[in-house]
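The next block holds one structure in the form of structure tokens; read it before the comments.
The values are calculated or read from the model by the stated rules, or taken from the named source; none is laboratory data. As the structure is a prediction and not an experimental result, all values here were calculated from the model. Positions of Cβ are backbone-derived with ideal geometry, glycine not excepted, and every protein chain shown enters the neighbour counts. Keep in mind that these areas ignore ligands, DNA and RNA; they rest on the heavy atoms of the full protein, side chains included. Shrake-Rupley method; radii C 1.70, N 1.55, O 1.52, S 1.80 Å.
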Amino acid sequence: MTGHGPNTADPASLAEELARFRVIDPARLAAARAEFTGESATAFAEHLVAAGALNAFQATEALAGHSRRLVIGPYRLTQRLGTGNFGPVFATTDASGTKSFAIRLFPLRSLWQVRVAKRLVRSLATLPTHPVVVPLMDVDTANGLHYLVWPSVEGESLAERVKRSGPLSPVQTVKMLRQIAEGLAVCHR
């Protein structure tokens, strides 16, 4: 947690930025600010991490002056999960911090795409459940970005599994492809 962005030079400025962008509940932020006795923004960020109000990823982003990026619509980013061809993916929670999601961010292009995606979300909500289908839950635009939201899914990725155990056997590959094909069939029905 090093460095300071343009608005995070001291604890008061950091607190103001965190409040302005709704990164931390205002009452919780006020309580943390009242009990903090240090003088640096870095020490205040560390205090917020120790109190469980921020995690290390959020504190680093806030100290870099990127608090605005930590809240996208009703979601609070908690960790960067990766980057794909379509944009970065983050772990996120709802505003209460009780539900976990994955969110993919896209550069703002056109509102038409958002309208089409919202129709897709509504149609996907009617799909029967299947173990390999993770339903798209939300799509919208905020902070100059489009976003797609899925429920958080625990488990390791195929890349992590291959790294841990080596390539899949032909039998394992066929089993996995069958599950994927069954999931696609559910979607197409």
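Please indicate, with yes or no, whether at least one residue in region 141-154 is small (Gly, Ala, Ser), part of a loop (DSSP other than H, G, I, E, B) and either closer than 24 Å to GLY87 by Cα or at pLDDT below 85 (or both).
Just the residues of region 141-154 that are small (Gly, Ala, Ser), to begin with: 142, 144, 152.
Those still in the list that are part of a loop (DSSP other than H, G, I, E, B) too: 144, 152.
After this cut, where a residue has to be either closer than 24 Å to GLY87 by Cα or at pLDDT below 85 (or both) as well, the list is 144, 152.
Yes: one or more hits.
If the requirement is being among the aliphatic types (A, V, I, L, M) and under 22 Å from THR141 (Cα atoms), which of these qualifies: VAL49, VAL23? Spell out the reasoning first.
Values: VAL49 fails: under 22 Å from THR141 (Cα atoms).
Going through VAL49, VAL23 in turn, just one is among the aliphatic types (A, V, I, L, M) and under 22 Å from THR141 (Cα atoms): VAL23.
I'm trying to understand the selection: among the residues of region 36-73, which are acidic (Asp, Glu), farther than 13 Å from ALA12 by Cα and free of Cβ contacts under 8 Å to residues at least 40 places away in the same chain?
Residues of region 36-73 acidic (Asp, Glu): 39, 46, 61.
Within this subset, residues satisfying the condition of being farther than 13 Å from ALA12 by Cα are 46, 61.
The answer is GLU61, and nothing else.
Listed residues LEU127, LEU105, LEU120; which is at pLDDT below 90 and assigned to a loop (DSSP other than H, G, I, E, B)? Let's see the steps before the verdict.
On the way: LEU105 fails: assigned to a loop (DSSP other than H, G, I, E, B); LEU120 fails: assigned to a loop (DSSP other than H, G, I, E, B).
On inspection, the qualifying residue turns out to be LEU127.
Closer than 23 Å to LEU77 by Cα and touching a strand residue (DSSP E or B) at 6+ places or on another chain (Cβ under 6 Å): which single residue out of THR141, THR92 fits that description?
Working: THR141 fails: touching a strand residue (DSSP E or B) at 6+ places or on another chain (Cβ under 6 Å).
Result of the check over THR141, THR92: THR92.
Are any of the residues in region 111-131 under 26 Å from GLU160 (Cβ atoms) and either surrounded by 16 or more Cβ atoms within 10 Å (Cβ to Cβ) or in contact (Cβ under 8 Å) with a residue 40 or more places away in the chain (or both)? Let's see the steps before the verdict.
Start the filter on region 111-131 by keeping residues that are under 26 Å from GLU160 (Cβ atoms), which leaves 129-131.
Now narrow it down to the ones that are either surrounded by 16 or more Cβ atoms within 10 Å (Cβ to Cβ) or in contact (Cβ under 8 Å) with a residue 40 or more places away in the chain (or both): 130-131.
Looking through region 111-131, at least one residue is under 26 Å from GLU160 (Cβ atoms) and either surrounded by 16 or more Cβ atoms within 10 Å (Cβ to Cβ) or in contact (Cβ under 8 Å) with a residue 40 or more places away in the chain (or both).
When you go through (1) within 24 Å of the chain's Cα centre (by Cα); (2) at pLDDT below 80 one by one for THR98, which number turns out not to apply?
Evaluating THR98 over (1) within 24 Å of the chain's Cα centre (by Cα); (2) at pLDDT below 80 leaves (2) as the failure.
GLU160: part of a helix (DSSP H, G or I), open to solvent by 60 Å² or more (accessible area, probe 1.4 Å) and acidic (Asp, Glu), yes or no? Talk me through it step by step, then tell me what you get.
Values: part of a helix (DSSP H, G or I): yes; open to solvent by 60 Å² or more (accessible area, probe 1.4 Å): yes; acidic (Asp, Glu): yes.
For GLU160, the condition - part of a helix (DSSP H, G or I), open to solvent by 60 Å² or more (accessible area, probe 1.4 Å) and acidic (Asp, Glu) - is met.
Out of region 132-157, which residues are acidic (Asp, Glu) and open to solvent by less than 60 Å² (accessible area, probe 1.4 Å)?
To start, the set of residues in region 132-157 that are acidic (Asp, Glu) comprises 138, 140, 154, 156.
Within region 132-157, ASP138, ASP140 meet the criteria.
Every residue, every condition in (1) assigned to a helix (DSSP H, G or I); (2) in contact with a Ser or Thr (Cβ under 8 Å, 6 or more places away or on another chain); (3) farther than 30 Å from GLY155 by Cβ, yes or no:
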{"site": "GLU16", "(1), (2), (3)": "yes, no, yes"}
{"site": "GLY38", "(1), (2), (3)": "no, no, yes"}
{"site": "PHE44", "(1), (2), (3)": "yes, no, yes"}
{"site": "GLY52", "(1), (2), (3)": "no, no, no"}
{"site": "PHE57", "(1), (2), (3)": "yes, yes, no"}
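Looking only at region 4-24, count every residue that is touching a residue at least 60 places away in the same chain (Cβ under 8 Å) and closer than 19 Å to TYR75 by Cβ and tell me the total.
1
Look through region 20-68, keep the residues that are β-branched (Val, Ile, Thr) and touching a helix residue (DSSP H, G or I) at 6+ places or on another chain (Cβ under 7 Å), and return whichever of them is surrounded by the most Cβ atoms within 10 Å (Cβ to Cβ). Steps first, please.
Going residue by residue through region 20-68, those that are β-branched (Val, Ile, Thr) are 23-24, 37, 42, 49, 60.
Of the ones still in play, those that are also touching a helix residue (DSSP H, G or I) at 6+ places or on another chain (Cβ under 7 Å) are 23-24, 42, 49.
On the way: VAL23: 22, ILE24: 24, THR42: 18, VAL49: 17.
The selected residue is ILE24.
Of the residues in region 163-186, how many are in contact (Cβ under 8 Å) with a residue 40 or more places away in the chain and open to solvent by 60 Å² or more (accessible area, probe 1.4 Å)? Steps first, please.
So in region 163-186, the residues in contact (Cβ under 8 Å) with a residue 40 or more places away in the chain come out as 179-180, 182-183, 186.
Imposing the further condition that a residue be open to solvent by 60 Å² or more (accessible area, probe 1.4 Å) reduces the set to 179-180, 182.
Within region 163-186, residues that are in contact (Cβ under 8 Å) with a residue 40 or more places away in the chain and open to solvent by 60 Å² or more (accessible area, probe 1.4 Å) number 3.
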